[in-house]
1. Which ³J(HN,Hα) values in Hz, rounded to whole numbers, follow from the phi angles of segment 97-102 under the Karplus curve 6.51 cos²θ - 1.76 cosθ + 1.60, where θ = phi - 60° and Gly and Pro get x?
2. Restricting things to alpha carbons, find the Rg to Rh ratio for the chain using the Kirkwood radius for Rh.
3. Using the alpha carbon gyration tensor of segment 1-89, what are the three equivalent-ellipsoid semi-axes (square root of 5 times each eigenvalue), largest first, in whole Å?
Amino acid sequence: MTWPDFVLPETPFRTYFTLLLERGARPAIYLEGVRLACNFVTVAHGLTMLSSISPIDAYACFSHGLFLTATGNGREVEAVNATFWDLVPSFEAANTVGELVMYHISRLHAEGTRLWNRSWRFVVSPDCLGRCSYGACCRNCFFYWYARELCIFY
């Protein structure tokens, strides 16, 4: 998963990647789910792909929670949040997953004007917001801070 841009449709590796998708390879499903979720037109399809492996893959689970948060689906993210914390052993591991997913998003999102900043108005603020911050958050607002980053930079 080091070079996620190899999965983009215009690359020569896409044929092999499509074969991996057809065979149900989890890393392929994860990367394609992120690629689709990065695009407003295909975000729902990306969320469906991510949710299919979210219960067993920390990267897909984080991505699923992130895009649910960024699209204002606060009620749905509660279950994903609980699953994510069952999949990662610590905050350090959670941040490592989050940073790698954000790197993948940076490589797979559509170039051009930032589109996610328009979705920020849909994001539900967690109750702990006054006590937490980006560098010192809790399990309740973990996805919120990454969604904020997504909406600001992408």
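Taken together, the values in this text are just the output of simple stated rules run on the coordinates, not laboratory data. All of these numbers come straight from a predicted model, not from anything done at the bench.
1. Per residue, the Karplus-derived 3J(HN,Hα) values read 4, x, 5, 5, 4, 5 Hz.
2. 0.96
3. Values: eigenvalues 108, 43, 19 Å².
Square roots of five times the eigenvalues give 23, 15, 10 Å.
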